[in-house]
Each structure stands twice: as structure tokens, then as C-alpha cells.
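Asker: The structure is given below, and queries will be raised subsequently.
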Amino acid sequence: MKIFLALCLVATALAVEDVLRGVLKSPRETLQLYGSFKAKEHLKYAASEDRMRFRLFRANAQFVASANEEESGAVFGLNFFSAMTEDEKQQYLGLNVTGHGENPFHVSSSPSKVPERILWTDSSQVTAVKNQGSCGSCWTFGAVGGLETRYQQVSGKLRNFAEQEYLDCVYEGSRNGCNGGWPSDCYEYSKKNGGRLASTANYPYAAKDGSCTGSSRPDAMIAAKIIGFMDVSPSEKANIEALAEGSLSVAFQVTNYFQQYRGGVINDNTCTGRPNHAVTAVGYTPSFVLVKNSWGSSWGDKGFVKFARGYPEDCGLFKYSSYPRLEATGVKDTHPKDAATTYKPSEDDDVNPDPQPDPNCEDVAVNCEKYYCQWSNIAEKYCRKTCELCNDGDGGDCPSGTIRCDDGICRHEHMC
Ligand SMILES: *[C@@H]1O[C@H](CO)[C@@H](O)[C@H](O)[C@H]1NC(C)=O
């Protein structure tokens, strides 16, 4: 009995308390945190609604703190989901699996050898992170993401293609695209329409289903046409092989953990076998599969997420993947290319890739926010860098070969 107790104490002592735990223990400070959270997220509620939102927020903040204390390899944080109801959160998804099973297994003819890592983001072959807003149109973003890298490979041009054409046109007249859909239906629509798809510039995203005006917008599929699609065999190996060739539309199950993801490598074991979201896989390394989400670049790791290799089966990550089949037209695409994402994942520093050579001035917590700095104990104990406490005192001397940059951190001069 004594031994058992002692072991428990050791285990408790090892768990690192989340940066927000102290605040959440005090009702007054929790309310204060809620106020700052609303200011940061630009949320305003009527007095009658505010109490309900506060309760949602407090429960979410406690969930985030506990999730971080689990020390799973991923980091979780407060974000725009933190005061939403479950119904509201659903509107940011949009995979309608009705009538779709897992992909069939194909027998692969030859065991293919793939590179150890490929990150299409590193070679400027992935467009910037987009934002679906509160419309269940993830399926259009997954499909367009699966196309963009592959079109770039054929044409030499990274183009930003139009989710809105798919949203308006794929289920035109039959149902509202914001209520959900299926990515490969997008490729089928293009195939039936001469392989076409507009650019986002010519068919901007509106976050609501409108009437289809595809035929009156210029076709941006110049150097290649979409002639159909391929379903990827439902195994991680087959997905990696397909990803070694280009981006993929993939689907999986979003859970509470996923919604609050802030960085690191996630390995979610709370899935229940119900896929509900489509996204784009844009690379892999031996330790993660890199995915671009469509919730803006303030969500997650600059809009991206790293899924652990060997991701739990129940999340379905490798079971519903597809990509478009392209046929080169021989016509040169002379349009200016669209912007590539500037995000470059680094395996060595999964959560915060900024250089921080001064060992005395780092955030101890990985989920610091500027508005936590109002608590001096959090600022000093966990978030020195975020709270700009690096210049305390005279700052001291920088290590040789470095200088003190304006932000108070020692770096090589050219990195300031
Ligand atoms: C989901 O898909 C099924 C089959 O295609 C369709 O009948 C149904 O209307 C869709 N649900 C919604 C909410 O659009």
C-alpha cells in the first residue's frame, strides 16, 4: 500500500501543469481570461447569451489544459472553437459519407520504393492555407488541394483553384453543398465538364452555396484536364506511395482534441470510426503525415497539422483518399503563378520553428498567448518570450557571434 501511494505521488509530480491551470482554479481569473479571449477572437455576445458562452469556454479551457497535461506529443490551445456549441462546430466540417464506404483494396503490381520524406510545402507546390468558414464545404477544399500540387507538376504553375465552382455546381439543384459532400464527386464534375475548373481569382469563395456559374467563368485548367480520379488503397503504405507522387484528398474523424490542436504531432486515440472532415495531405516524413486544413492560418500549426505515422485506424485517415487523374494538353499555362504557402515544417522543433538561440529566453509553455501576460506568474514562469520579458535587467551579453535583436533575442546579425 505504501509503495502504491509513493508511486502515485511520483506520477503526479511528473505531470507538467498546463500554463492555464492556475488561472482556471480561480473563478475570477477564469472570467478575466474569458474576457481577453473574446477580445482576441473578436467575439461579442448579448448578455443573455454570454453566460452560456462562458460555460462552454470554461469547459473547453479545462479540456485544453488537461489535454496538454497528458503530454502526448501534440499541444492544444484555445481557439475560435473554444466558445462554440457542438452544432456550431459541425458547420466547419462537411464530409457526407452516406453511400460511401472505405476505398477498395487494389493489388499493387510492384512493391514501390518511396523516398523517406517528401514535403510538397518545401518546394513551393502548395498554395496558402484557405478558410472554409462556417460552411460544410471541406470536401471542396480537400478535392482542390488534391489537385493543386498535381496541376503544378504538369504545368510548372502553382494555381489557386476555385472551391466555389465545386460548391455551387457539383450538387446543383439537388442539395446544398454547405451541408456536406464527397471530394471525388468534384473530380467527376470536372470530368463531365471537359476537365475544367476556374481559378479562385475568377470564381471567389463565398462560404455559401449559390447557383452554378461555372460555364461562364474562364477555365483555369490550361496545361492539363481532369479526366477522372483514383481512389487510393485503404492502407498507410498505399497513401504514402500516392503522396510521394503528389498531394491527396484525405478524410478522417475530427474530435475535440483535433479541434483544439495547436502544434506538434497528434496521435488521436479518441476516434469512433466516423469520418466527418476532408482535408489535403501535402507530404510525409518518417514521423508524420503533413496535412493542410481549411480553417485559416490562425488554427493549428499555421493552418497545418502533423498526424503521427501509424495513425489510429478508427480515425479513418487513410481509408477515403483520392486524387484527380490529369491529362496534359500540351498547351503552355502563361498565367502568373499564385502564391505558395510560406509554411515550412521542421521536424527538430515541431511546435515553434522560429530560431531562438538564446537559451535564457524561451517560452517554457508552447501554447503562450499575448493575453496570458496579464498574469505575471504565467508571464514569468511560462511565457517569457511571448510576454517580452527577455530584456529584463540589462539583458546580459549575447553569445559570441550573435547580437541582441530588437525583440531582445540573441541571434546571428543576419537573422534579426
Ligand atoms: C448525403 O449524401 C446522400 C447521398 O448522396 C444524399 O442523399 C443526402 O442528401 C446527403 N445529405 C446532405 C445533408 O446533403
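Derivation of every value follows stated rules applied to the coordinates shown; laboratory data play no part. The structure presented is a predicted model; accordingly, all values stated were derived computationally and were not measured. Don't worry about glycine lacking a Cβ; one is built from the backbone with ideal geometry, like all the others, and counts go over all protein chains shown.
Asker: Tell me which residues come under 5 Å, amide H to amide H, from D363 once H is placed; ignore anything under 5 positions away on its chain.
Answerer: For D363, the qualifying residues are K385, T386.
Asker: Enumerate the whole-percent occupancy of each 10 Å bin, from 0 to the last occupied one, for all C-alpha pair distances of segment 92-348.
Answerer: Pairs per bin, as whole percents: 8, 34, 39, 18, 2.
Asker: Same structure, new question: Who wins for biggest fluctuation among Y323, Y171, Y261 in a Gaussian network model of the chain, springs between alpha carbons below 10 Å?
Answerer: Y171
Asker: Using a basic spin-label model with each label point 7 Å from the Cα along Cα→Cβ, how many nm lie between K44 and D407?
Answerer: 3.2
Asker: Once Lys and Arg get +1 and Asp and Glu get -1 on their Cβ, which of A281, Q259, A220 lies farthest toward the positive end of the dipole of segment 92-348?
Answerer: A220
Asker: Further question: Which whole-Hz couplings ³J(HN,Hα) result when phi for each residue of segment 23-35 is put into the Karplus expression 6.51 cos²θ - 1.76 cosθ + 1.60, θ = phi - 60°, listed in order with x for Gly and Pro?
Answerer: 4, 5, 6, 10, x, 5, 6, 5, 4, 5, 4, 4, x
Asker: With a 10 Å radius around each residue's Cβ, average the other Cβ atoms per peptide and rank 268-276, 366-374, highest first.
Answerer: For the peptides 268-276, 366-374, the packing ranking is 366-374, 268-276.
Asker: Between beta-carbons, use under 11 Å as the cut-off and find the net charge around L197, counting Lys and Arg +1, Asp and Glu -1.
Answerer: +1
Asker: Further question: Which far-off residues, 5 or more places away or on another chain, put their amide H under 5 Å from the one on R262, with H placed in the peptide plane?
Answerer: Those lying under 5 Å, H to H, from R262 are V75, F76, G77.
Asker: Moving on to the next point. Tell me the relative contact order for segment 199-358 as a rounded percent, counting alpha carbon contacts under 8 Å between residues six or more apart.
Answerer: RCO, segment 199-358: 30 percent.
Asker: Specify the inter-centroid distance of segment 61-99 and segment 244-311, based on alpha-carbon positions, in whole Å.
Answerer: 12
Asker: Using θ = phi - 60° and the Karplus relation 6.51 cos²θ - 1.76 cosθ + 1.60, list the HN-Hα couplings for segment 146-151 in order, rounded to whole Hz, with x at every Gly or Pro.
Answerer: Once rounded to whole Hz, the list reads x, 7, 4, 5, 5, 5.
Asker: Would you grab the residues whose amide H sits under 5 Å from the one on L119? Only those 5+ places off in sequence or on another chain, please, with H modelled 1.01 Å from N.
Answerer: So L119 has HN proximity to Y284.
Asker: Provide the per-residue ³J(HN,Hα) series for segment 83-99, in order, calculated from phi with Karplus coefficients 6.51, -1.76, 1.60 and θ = phi - 60°, each as a whole number of Hz, with x at glycine and proline positions.
Answerer: Each residue of segment 83-99 in turn: 10, 9, 7, 4, 4, 5, 4, 4, 5, 9, 10, x, 8, 9, 7, 3, x Hz.
Asker: For q values of 0.21 Å⁻¹, compute log₁₀ I(q)/I(0) with the Debye formula on a Cα-only model of segment 229-294, without solvent.
Answerer: Once normalised to I(0) and log-transformed, intensities are -1.00.
Asker: Roughly what would the spin-label model give for Q153 and A244, points 7 Å off Cα along C-beta, in nm?
Answerer: 1.2
Asker: Within a Cβ distance under 11 Å of N176, other residues only, what is the Lys/Arg minus Asp/Glu net charge?
Answerer: -1
Asker: 7 Å from Cα along Cα→Cβ at both S235 and K344: what's the point-to-point distance in nm?
Answerer: About 3.5 nm separates the two model spin labels.
Asker: Give me T342, T98 ranked fewest to most by other Cβ atoms within 10 Å of their Cβ, as a rough exposure proxy.
Answerer: T98, T342
Asker: Restricting to DSSP H runs of at least four residues, report the calculated mean residue ellipticity at 222 nm for the chain, -39500 (n - 2.57) per run over all residues, nearest 500 deg cm²/dmol.
Answerer: -8000 deg cm²/dmol
Asker: How much length would be gained if the chain were fully extended between K337 and T270, taking 0.36 nm per residue of separation minus their Cα-Cα distance, in nm to one decimal?
Answerer: 20.1 nm
Asker: Can you give the local net charge around V254? Use residues other than it whose beta-carbon is closer than 11 angstrom to its beta-carbon, Lys and Arg +1, Asp and Glu -1.
Answerer: Cβ neighbours under 11 Å give a net charge of +1.
Asker: Dipole of the chain (Lys/Arg Cβ +1, Asp/Glu Cβ -1, origin at the Cα centre): which of S123, F54, S66 lies farthest to the positive side?
Answerer: F54
Asker: In debye, nearest 20, what is the charge dipole magnitude of the chain about its Cα centre with +1 on Lys and Arg Cβ and -1 on Asp and Glu Cβ, if you could check?
Answerer: So the magnitude is around 940 debye.
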